[in-house]
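Single-structure report; data block below.
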């Protein structure tokens, strides 16, 4: 649901403004934002690279992109794929990404210093105690295998050309 003018005014906190934009439409002034958050958008985008390129375009030099998506090989993504096969219009055409895919999208757009982290290690269960135990075990034993990926990239400061990348768990990020 689009934000109303009153909603946008209410959410304006100093230099931080929250708003909605169509990722594939170029509607924001070039190099305006310090941070762009894209969470579970690329899995529905017809052209994910165009969305990431647009984020790069609107970020100021040194600005950061924080991206969150379901991990391609996770149980959560599998459940959503099955729902799509069974007729869910929400998940029918969704595309899920591996960590390497997301880093490649950012690097092709020109982002540097990319960091990948995994989160949500429990299977989609209802019992809260099981979730807590599974989350602790997952973070400890296989920090790369979370159901949700977070990737951060920085728009290079003019005059630098750092291409550093790394992978980590959400706990150490």
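Some values worked out for this structure:
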read-out	value
Matching residues, segment 37-50, being in a helix (DSSP H, G or I) and under 18 Å from residue 90 (Cβ atoms)	42, 43, 44, 48
Qualifying position, being within 23 Å of residue 148 (Cβ to Cβ), touching a helix residue (DSSP H, G or I) at 6+ places or on another chain (Cβ under 9 Å) and modelled with pLDDT under 90, among 21, 92	21
Selection count where residues are more than 15 Å from residue 117 (Cβ to Cβ) and touching a residue at least 60 places away in the same chain (Cβ under 8 Å), scope segment 74-104	3
Some residue of segment 1-13 being at pLDDT 50 or above, in a helix (DSSP H, G or I) and under 19 Å from residue 112 (Cα atoms)	no
Residues (more than 28 Å from residue 30 (Cβ to Cβ) and assigned to a helix (DSSP H, G or I)) located in segment 57-96	75, 76, 77, 78, 79, 80, 81, 82, 83, 84, 85
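Yes/no per residue for (1) under 21 Å from residue 145 (Cβ atoms); (2) surrounded by fewer than 17 Cβ atoms within 10 Å (Cβ to Cβ); (3) modelled with pLDDT of 90 or more:
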{"site": "39", "(1), (2), (3)": "yes, yes, yes"}
{"site": "49", "(1), (2), (3)": "no, yes, yes"}
{"site": "61", "(1), (2), (3)": "no, yes, yes"}
{"site": "64", "(1), (2), (3)": "no, no, yes"}
{"site": "68", "(1), (2), (3)": "yes, no, yes"}
{"site": "78", "(1), (2), (3)": "yes, yes, no"}
{"site": "83", "(1), (2), (3)": "no, yes, yes"}
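The values are calculated or read from the model by the stated rules, or taken from the named source; none is laboratory data. All figures in this text were calculated on a predicted structure; none of them were measured in a lab. FYI the Cβ positions are ideal-geometry reconstructions off the backbone, even for glycines, and counts take in every protein chain you see.
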